[in-house]
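K.L.:
After the structure tokens below, expect a handful of questions from me.
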Amino acid sequence: MSRAIMAGERSLMMTFRKLPTPYPLPETLHLPEDLPKLSKGQLQTLAAEIREAICELLDHRSAHFASNLGVVELAIALHSVFDFTKDRLVWDTGHQIYPHKILTGRADRFETIRLRDGLMGYPNPAESDYDLFMTGHAGCSVSASLGLLCGDRVLRPEEGRKSVAVVGDGAFGCGVVFEAMNHAAGMSVPQIVILNDNRMSICPRVGGMGRYLDTLRGTPGYTYFKRSARMMVDRIPLIGTQTGRFLSNLKDSVKAALHGGALFEQLGFHYFGPIDGHDISMLKRYLRIAQQSPEPVLLHILTEKGHGFAPAEADPTKFHAPAPFSRQKKLDGVQVLFKSRQTSQTYTEVASVRLQHMMAQDTQVATIVAAMCQGTKLEAVREKYPDRFFDVGICEEHAVAFAAGLAKSGVHPFVCIYSTFMQRAYDQIFQEVSLQNLPVTLMLDRAGLVGPDGPTHHGAYDLSWLRHLPNLTIMAPGDARDLEGMIDFARRYFGPTAIRYPRSAATHITRKLTPIEHGKAEMLHRGRDGMFIVCGSLLETALSAADSLRNQGYDVGVVNARFIKPLDQSTLLRVLRETPVVLTVEENALAGGFGSALLEAACDAGISAVHVRRLGIPDQFVVHAERWEQLAEIGLSKVGMVEHFLEMASLHGVTPQPQPITLTVPAVA
């Protein structure tokens, strides 16, 4: 949709509940163009109503919460000062996009956020021209914003468009942020970077940059002191006497000290701050200064995650993306009653418990995370083994290269990073780990489809970009006991390993468990009419589909592949030779995934694969929805697997037996 069309349609009223206030908003409020007309009190009322809308959303379902409460005033100030039908705005990471969406013509659909066919929980250019990038990973906003600025200067210099990047202090430690700032300063272009400093990533931030920002937090008068001190220093005369030389040295020292207090100015940015990020009037004042600057500007604003909602202020980590809750007003504040929590153990929790047990027994094991200690459920490891737990911040490339150094020294590191974020460390996995053949274990959490977080967070590609690397062993557990065994195996194996597991409740399949052996699959039942060869946690679903087909007269077996690299060729190629219909099942992109690996092996062995169908994630970005909805949509549900088998059976002349086959496949506990 063009900006001209959008401009004609941005006449939606605020549709969520109005709060009683001495500063009522106009009955008809066109956002964001009416923002400059509102008084200070009305802007505060608007901020309160946006917060109420976000709180009401959590009455229904989980969503990103504390981060959005923290940027309400910033979003209002930005849209009050800039015209983003023309100017550029890129939100880093993007999970704090809710106030921006409400302010840009989507208030009437806000209740649909993160639902199938509703608003996306991250920026989405398909929804609005105000969303320029579908940002879901940290650190790239400054680069993208700078590219927009330079592109506009090349193609439409007469328009004088401004470009703004909003980046959090957790993401600010990403190397790519400084690569972009270095480039902007070198060109001396008017790039505007807003550093949203709330002392948090998802968990509390780590590293030297955080300590440096804390130092700046302690000097709220820095900007004014800097200006006055420079004026004083510039008045010092330069004369040829010994006193003059002393004064000259003093002048240079003071200037150096002033610049040393602002790393960003040494880098080439005009630094302003720290600024109260919840004072709309002050934000607007500094945004106008930045707007008028011909050179790069960094505004350092101080915000509070969860601002305006006391429980989230007190524990922003817990309220990052909490379960749905209701609010009850008490004399001493607000009480939060969570409505539901997942009671069954997740694969993430299985991995965490196993790592805790291993670290208790083996002092040569270490754990590495990249700012996601809570997400990977490793808080207990952090507390019990602080000397062997390393949180490197949102720096995945460093995490893997650092792990290589640990491994070279004799430590066995387990690098626990979401699959979607591990992509950022591809070069280090190749260069520092696989090429060196070092015993580093990559724990790829959230592999496969992840539900409402959507396409920015699906771990849909790791098999495709990992399996071509020499030396690397890749595993996918079929259930919780497989995962435990694979972690133990990885510790024993001297070489790089990767284990991928999903964002879901862990299943426990009842059978006589065969041990994890390098490159060996697990045959659960050999079928006469067909076979499901399953890579990963859809094993339970395939077993259920096989059971349903058995009741229809088809003898369908199931193999738990376990290893993607190396493949168990002796088992799997025999299945291809002897079975009339074979379906491979994986929660990975079909392009280059497990099914492709099996077809390559068949080709090399001279085996026809016309009777093979690959089930997995097609060549498309799967939109946000509940995970079960996503799986059903791409044919990875029980119903989908049955339908695919029946279609292949029909194509290849496989017919059911007159009576149901009385064979028992393993049960799911």
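Yes/no matrix, rows are residues, columns are (1) part of a loop (DSSP other than H, G, I, E, B); (2) among the β-branched types (Val, Ile, Thr); (3) farther than 30 Å from Asn182 by Cβ:
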| position | (1), (2), (3) |
| --- | --- |
| His79 | no, no, no |
| Lys86 | yes, no, no |
| Arg106 | no, no, yes |
| Glu111 | no, no, yes |
| Pro123 | yes, no, no |
| Ala126 | yes, no, yes |
| Thr135 | yes, yes, no |
| Gly151 | no, no, no |
| Val164 | no, yes, no |
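K.L.:
A further question on this structure: Only residues that are without any contact (Cβ under 8 Å) to a residue 40 or more places away in the chain and out of contact with any strand residue (DSSP E or B) (no Cβ under 8 Å at 6 or more places or on another chain): list them for the range 538-591, please.
P.N.:
Those that are without any contact (Cβ under 8 Å) to a residue 40 or more places away in the chain and out of contact with any strand residue (DSSP E or B) (no Cβ under 8 Å at 6 or more places or on another chain): Gln569, Ser570, Leu573, Arg574, Arg577, Glu578.
K.L.:
Has the range 505-518 got at least one residue that is within 18 Å of Gly595 (Cβ to Cβ) and in contact (Cβ under 8 Å) with a residue 12 or more places away in the chain?
P.N.:
Looking for residues that are within 18 Å of Gly595 (Cβ to Cβ) and in contact (Cβ under 8 Å) with a residue 12 or more places away in the chain, one finds none in the range 505-518, hence no.
K.L.:
Can you report the number of residues in the range 84-125 which are of a type in the set (Val, Ile, Thr), farther than 29 Å from Pro157 by Cβ and within 21 Å of the chain's Cα centre (by Cα)?
P.N.:
Residues that pass the stated criteria total 4.
K.L.:
Would you say Glu484 is touching a helix residue (DSSP H, G or I) at 6+ places or on another chain (Cβ under 7 Å) and either within 21 Å of Leu567 (Cα to Cα) or part of a loop (DSSP other than H, G, I, E, B) (or both)?
P.N.:
Taking the combined requirement at face value, the residue satisfies it.
K.L.:
Moving on to the next point. If Ala601 meets every condition in (1) surrounded by fewer than 21 Cβ atoms within 10 Å (Cβ to Cβ); (2) in contact (Cβ under 8 Å) with a residue 60 or more places away in the chain; (3) on the phi < 0 side of the Ramachandran plot; (4) over 29 Å from the mean Cα position of the chain (by Cα) apart from one, which number is that one?
P.N.:
Unmet for Ala601, out of (1) surrounded by fewer than 21 Cβ atoms within 10 Å (Cβ to Cβ); (2) in contact (Cβ under 8 Å) with a residue 60 or more places away in the chain; (3) on the phi < 0 side of the Ramachandran plot; (4) over 29 Å from the mean Cα position of the chain (by Cα): (2).
K.L.:
Quick one: count up the residues across the range 550-567 that are outside any helix (DSSP H, G or I) and open to solvent by 10 Å² or more (accessible area, probe 1.4 Å).
P.N.:
6
K.L.:
Among the strands (runs of 3 or more DSSP E) confined wholly to the range 380-468, which include 3 or more residues that are under 16 Å from the mean Cα position of the chain (by Cα)? Can you show your working first?
P.N.:
Values: elements: 389-391, 412-418, 441-445.
Those strands (runs of 3 or more DSSP E) span 412-418, 441-445.
K.L.:
So which residues in the range 610-635 are in a loop (DSSP other than H, G, I, E, B), small (Gly, Ala, Ser) and touching a strand residue (DSSP E or B) at 6+ places or on another chain (Cβ under 8 Å)?
P.N.:
Taking the range 610-635 as the starting set, the residues that turn out to be in a loop (DSSP other than H, G, I, E, B) are 610-611, 618-626, 634-635.
Going one step further and asking which of them are small (Gly, Ala, Ser), we end up with 625, 635.
Of everything in the range 610-635, just one residue is in a loop (DSSP other than H, G, I, E, B), small (Gly, Ala, Ser) and touching a strand residue (DSSP E or B) at 6+ places or on another chain (Cβ under 8 Å), namely Gly635.
Let's see how each residue does on (1) touching a residue at least 40 places away in the same chain (Cβ under 8 Å); (2) open to solvent by 10 Å² or more (accessible area, probe 1.4 Å); (3) within 25 Å of Arg327 (Cα to Cα):
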{"position": "Glu52", "(1), (2), (3)": "no, yes, yes"}
{"position": "Leu57", "(1), (2), (3)": "yes, no, yes"}
{"position": "Ser62", "(1), (2), (3)": "yes, yes, yes"}
{"position": "Ala77", "(1), (2), (3)": "yes, no, no"}
{"position": "Arg88", "(1), (2), (3)": "yes, yes, no"}
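K.L.:
Out of all the residues in the range 292-348, which are over 27 Å from the mean Cα position of the chain (by Cα), surrounded by 11 or more Cβ atoms within 10 Å (Cβ to Cβ) and either touching a residue at least 40 places away in the same chain (Cβ under 8 Å) or not in a strand (DSSP E or B) (or both)?
P.N.:
Listed by number, the residues that qualify are Ser293, Glu295, Pro296, Val297, Arg327.
K.L.:
What are the residues in the range 65-75 that are modelled with pLDDT under 95 and either open to solvent by 10 Å² or more (accessible area, probe 1.4 Å) or in a helix (DSSP H, G or I) (or both), if any?
P.N.:
Our first condition is that a residue be modelled with pLDDT under 95; within the range 65-75, this holds for 65-71.
Within the range 65-75, Ala66, Ser67, Asn68, Leu69 meet the criteria.
K.L.:
I'd like to check something: does the range 535-549 contain any residue that is open to solvent by 10 Å² or more (accessible area, probe 1.4 Å), touching a His at 6+ places or on another chain (Cβ under 7 Å) and in a helix (DSSP H, G or I)?
P.N.:
So far as the range 535-549 goes, no, none of its residues is open to solvent by 10 Å² or more (accessible area, probe 1.4 Å), touching a His at 6+ places or on another chain (Cβ under 7 Å) and in a helix (DSSP H, G or I).
K.L.:
Checking the condition aliphatic (A, V, I, L, M), closer than 14 Å to Val164 by Cα and open to solvent by 20 Å² or more (accessible area, probe 1.4 Å), which residue from Leu115, Leu148 passes?
P.N.:
Values: Leu115 fails: closer than 14 Å to Val164 by Cα.
None of the others qualify; the one that does is Leu148.
K.L.:
Can you work out which of the residues in the range 154-188 that are in contact (Cβ under 8 Å) with a residue 24 or more places away in the chain and farther than 21 Å from Leu267 by Cβ is surrounded by the most Cβ atoms within 10 Å (Cβ to Cβ)?
P.N.:
So the residue we want is Arg161.
The values are calculated or read from the model by the stated rules, or taken from the named source; none is laboratory data. Because the structure is predicted, anything quoted here is derived from the model rather than measured. When we count neighbours, we look across all protein chains shown, and the Cβ atoms used for this are built from the backbone with ideal geometry, even at glycine. Only protein heavy atoms, including side chains, enter the accessible area calculation; ligands, DNA and RNA are left aside. Shrake-Rupley method; radii C 1.70, N 1.55, O 1.52, S 1.80 Å.
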